[in-house]
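Take a look at the structure set out below.
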Amino acid sequence: MSHNDLIARRRMLGGAATALGAIGLSGWAQAQTSTPTAPAAAVPPAAKPLPAYAAWKNPAAMVVHSATTIETRRSAFGTGLITPAQQLYIRNNLPAPNASILEQREAWTISLEGVKQPRSMTLAELKTLGLETVATVLQCSGNGRGFFPSKPSGTPWTVGAAGCVLWTGVPLRNVVAALGGLADDAKFITGTGGEKLPEGIDPLSVVVERSVPIKALDDCLLAWDMNGEPLSLAHGGPLRLIVPGYQGVNNIKYIKRLAFGSSESKAKIMAHGYRITPPGAQSGPEQESVWEMNVKSWINGPLPEAGAVKAGLVQLHGVAFGGSKAIARVEVSTDDGKTWHPARLTGPDLGRFAWRQFAVALKLPAGNYQVASRAVDSAGNVQPAERLENAHGYNNNSWRDHAIQLTVA
Ligand SMILES: Nc1nc2c(c(=O)[nH]1)N[C@H]1C(S)=C(S)[C@@H](COP(=O)(O)O)O[C@H]1N2
Ligand SMILES: [Mo]
């Protein structure tokens, strides 16, 4: 770890870690900042057990980084389009709330502010206002951090802090309409998580509260079902804000307050966290926030851990998504991007927020290959070869970083 990294890390841990230590949550803070011991690209075996709130996950499909950061194994994606709940990644910035919040789902209340008639609503009432199902890619902005040679602090996710999920709930615009429309000057939608905050420290330093631009309003959902089942505690039940096309952190779990307003939240996780910060610099509100996802793809098989594949026609498959934009095409290269072969988009198209599966059969003689995929979205954005270096390892969509090594024999 460089001197600058150390300083940045100390600064980040600073006050919050000491205060959390005082109230007995220091293990939690440690878990968040533990340094990877394995090489970034190699996924270590599942050494740690699943925590109680996620005990129902398929352990064989998961890499448990910590009790609050659990990744899907690359091999577990298989050729499925929808990611089953049993193997969807988990990322909690705070310990998950007590499971008792699911005992009376319908009675869960959310405070709605910045509308003409602000008030609280129960989940039961929300259910009377509309019904929609949307497929989205849920992805942590730190997905791919494990490929940064600079080893930014934070979980070294490779590809598994992502999934494609079906959400069912009420369109947020219906809720706004039921409350008389927006009050003036709404530029941002701010969602607040319902975690119980540790006492004795500034709530703004720990609360999970994120703002997204008002243009997302038309796509947002207040969701109570995931993949056709009542939303689990791990994934934000009883109620979650879904902001299709936006990085995971903006999809607030256990949402208890939603406000429309003229400015962004002053919470630390918004003002300083999740910013695209130049290496070595301090994070701050002037930097780009982690909002819309960028175009990205990766290969899910065959993977090197399954051993050498037989020379001849090799079937390659993977997933591609464009954040808020549909995928236009995907190409695959076995020569570090010198030549590209068009892949086929397979499986059903669940809309522009979902990922597409792709497949291609390439004739490969015996040898060692680096196999990469490159996606292009409907606006012509091309997945880049290189990651954009940044202090915290966000938004990695480099096709080279996501390439796999394949032995053909
Ligand atoms: N209330 C709340 N919402 C939250 C978080 C959180 O810690 N608390 N974590 C965010 C982050 S960083 C991500 S990546 C996603 C993870 O969602 P998942 O655990 O359902 O995969 O939830 C987001 N929403
Ligand atoms: Mo995240």
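Quick note: the coordinates plus some simple rules give every number you see, no bench work behind them. Small disclaimer: the values here were computed from a predicted structure and weren't measured. All Cβ positions, glycine included, derive from the backbone under ideal geometry; neighbour counts span all protein chains shown.
Things to note:
- CD proxy at 222 nm, helix term only [per DSSP H run n ≥ 4: -39500 (n - 2.57); per residue of the chain; nearest 500]: -3000 deg cm²/dmol
- Set of lysines near residue 310 by C-alpha distance (under 22 Å), chain-local residues within fewer than 8 positions excluded: 363
- Once backbone amide H atoms are built at 1.01 Å from N, residue 225 has 168, 231 as its partners under 5 Å, excluding neighbours fewer than 5 places away on the same chain.
- Percentage of interatomic Cα-Cα distances in the stretch 56-99 larger than 15 Å: 43 percent
- Residue-wise HN-Hα coupling along the stretch 202-208, computed from phi with Karplus coefficients 6.51, -1.76, 1.60 (Hz; x: Gly, Pro): 4, x, 4, 7, 10, 4, 8
- Between the Cα long axis of helix 3-22 and the first principal axis of the chain there is an angle of about 40°, rounded to the nearest 10.
- Computed from the Cβ-Cβ distance with R0 of 51 Å, the FRET efficiency linking residue 366 to residue 389 stands at 0.90.
- Oblate is the label for the stretch 296-408, because the ratio a/c of its alpha-carbon gyration tensor axes (a ≥ b ≥ c) is 1.5 or higher and a/b is not greater than b/c.
- Rounded, prolate or oblate (a/c below 1.5 giving rounded, otherwise prolate when a/b exceeds b/c) for the chain by Cα gyration tensor: prolate
- 31 Å Cα-Cα threshold exceeded, pairs from 196/325; 151/266; 116/196; 151/268; 48/127: 196/325; 48/127
- Sorting 73, 145 from the fewest to the most surrounding beta carbons within 10 angstrom yields 73, 145.
- Restricting the stretch 49-91 to chymotrypsin sites (Phe, Trp or Tyr not before Pro) in coil, as DSSP defines it, with at most 13 other Cβ within 10 Å: 56
- Label separation (residue 378 vs residue 335): 3.4 nm, computed from points 7 Å beyond Cα along the C-beta direction.
- Three-way shape label, the stretch 225-277, alpha-carbon gyration tensor, a/c 1.5: prolate
- For the stretch 161-212, applying the loop criterion from DSSP together with a ceiling of 14 other beta carbons within 10 Å to the trypsin sites (Lys or Arg not before Pro) yields 187, 196.
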